[in-house]
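Every read-out reported here was derived from the displayed coordinates using simple, explicitly stated rules and does not represent laboratory data. Computed from a prediction, not measured in an experiment: that's the story for all the values here. Positions of Cβ are backbone-derived with ideal geometry, glycine not excepted, and every protein chain shown enters the neighbour counts.
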Amino acid sequence: MKNASSNKELTDSILRYLGFPPDVVVGNDILQRIERAVREVEEMSVFQYLYAHYTEPMSFMLANPAYMEHLSGADGYLLCATTLGAQIDRHLKRLQLTDMTHAIVFDAAASAYLERCADEFERQLPYERLGFRFCPGYGGTSLEDSREIALRLRAERVGITFLDSGLMVPLKSMMGIVKIGGGERRKSCAHCVAQQGCVFRTRGTRCYNG
């Protein structure tokens, strides 16, 4: 069972996904929906995580300076693929037909829960000074680069595939690049390569805790 601090961090993250500004007073109805959504996500999700360690940048990284900025000074990096599984998608589709308000909250809860599960998994990996996950789509990088990562990791082993549109299935899946070493570089808006056009900044929020 998560402690109170961890639960609050998850709730805060869900509120950011929902577009609430920082320090807003949220009504009990929303908080109860969030609690319900988190319970549902925890019960239905099957968290899986694949990763592999590399030392040399790949061609798709060399083609975009945002990747190279992220990896500046790194001793290496991890490619990762993670998902909550298909049951989350099925439940979301049911909610979209029966309770759209809760579907929106559930969708945000699943996104935040996937991020937290991935963070916790990475903290237990046998590497020192791991940076944050940089996902295709950040900082002007192409979402299509997710296919390159998926191919390297054989992400179909955990059920991740792609539609012709490029959308990942299950929806609550992500690909990322995690820097190893190279000095401490915490997430911040000031140093984020994705700050231009960031949807969180336009809402007056941010994508991370701290």
Segment Glu69-Glu56, extension gain: residue separation times 0.36 nm, minus the distance between their alpha carbons = 3.3 nm
task = Count neighbours as other Cβ atoms within 10 Å of each site's Cβ, and list the GluC sites (Glu not before Pro) in segment 79-145 that are DSSP loop with at most 12 such neighbours.
result = Glu128, Glu144
Sequence ranges 37-44, 97-104, ranked by mean other-Cβ count within 10 angstrom, highest first = 37-44, 97-104
task = Sequence neighbours fewer than 8 away in the same chain don't count; with that in mind, list the aspartates and glutamates whose C-alpha is under 15 Å from Lys8.
result = Asp23, Glu35, Glu115
remark   = Along principal axes, largest first, the alpha-carbon spread of segment 4-203 in whole Å comes out as 49, 36, 32
